[in-house]
1. Give me the three principal axis extents of segment A:28-112 from the C-alpha atoms, as integers in angstrom, largest value leading.
2. According to the square roots a ≥ b ≥ c of the eigenvalues of the Cα gyration tensor, what is the shape class of segment B:5-111, taking rounded for a/c under 1.5, prolate for a/b larger than b/c otherwise, and oblate for the remainder?
3. May I ask you to order A:51-63, B:78-90 by the average number of other C-beta atoms within 10 Å around their residues, highest value first?
4. Can you tell me the order of A:6-17, A:36-47, B:38-49 when each peptide is scored by its average per-residue count of other Cβ atoms within 10 angstrom, highest first?
5. Calculate how many DSSP beta bridges within the protein assembly as shown are antiparallel, expressed in % of all such bridges and rounded to the nearest 5.
6. Working from the alpha-carbon coordinates of the protein assembly as shown, get Rg over Rh, Rh being the Kirkwood radius.
7. Counting only other chains, what is the mean number of Cβ atoms within 10 angstrom of the Cβ of each residue in peptide A:99-109?
8. Given segment B:13-111, what percent of its DSSP beta bridges are antiparallel, to the nearest 5?
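Nothing in this text is a laboratory measurement; each read-out follows from the coordinates by a stated rule. All values derive from a computational prediction rather than experimental measurement. Positions of Cβ are generated from backbone atoms using ideal geometry, with glycine treated the same way; all protein chains shown enter the neighbour counts.
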């Protein structure tokens with residue numbers, strides 16, 4: 001079955017630690033996205049990538065980093081510079097030029 | 001500056017009745033609108049969409065209406081079923097295909 005796999009589903013981090021969230025898709029989609037969801041808010045775009053080895057900052061990129069070395073993979077690193085990292089993180093993908101995103105199941109990060 | 005607003009954080013509807021979820025936007029350059037449904041601890045799933053050249057799109061129990069002059073769209077679910085209980089997000093895109101999301105409305109279907 002084609003889809004997007006995010007891991008881990010739940011992650012706990014101590015303050016000052018970097019963590020990396022994995023996102024893999026087998027949909028042959030060109031574009032991949034990382035969103036953050038906080039209670040009572042819409043999804044906010046962190047980073048997106050429309051092609052391998054290229055990515056763009058979204059609205060809230062500070063404290064995050066990404067890479068796109070393979071078409072299928074778009075990992076997100078939450079660095080210690082992110083002041084409020086506790087959130088639900090969603091990865092999505094789509095064909096370039098398409099509006100409908102396919103989402104993964106999400107990763108919940110909690111900073112202790 | 002919220003370009004897409006869902007002013008009702010929650011909505012409670014009796015099973016079998018119509019559910020109407022509303023969404024307002026401010027950017028007249030938006031040309032495509034989508035509704036997503038999200039269950040707790042899961043990713044959103046696409047429900048229905050509408051292009052700005054239309055004023056209505058229907059898919060089974062789900063209908064989306066677009067009023068461009070009012071910059072308003074609504075999602076109608078009829079009849080409402082228990083499995084419809086979820087958070088519904090409205091999203092809008094412009095020619096760059098970047099989506100702007102509303103804050104979501106939690107729909108509760110009462111038996």
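1. The Cα atoms of segment A:28-112 stretch 36, 25, 20 Å along their principal axes.
2. Prolate.
3. The packing order, highest mean first, is B:78-90, A:51-63.
4. Details: A:6-17: 12.7, A:36-47: 18.4, B:38-49: 16.6.
The packing order, highest mean first, is A:36-47, B:38-49, A:6-17.
5. If I count the DSSP bridges inside the protein assembly as shown, around 90 percent turn out antiparallel.
6. Rg/Rh for the protein assembly as shown comes to 0.97.
7. Shielding by partners across A:99-109 averages 5.
8. 95
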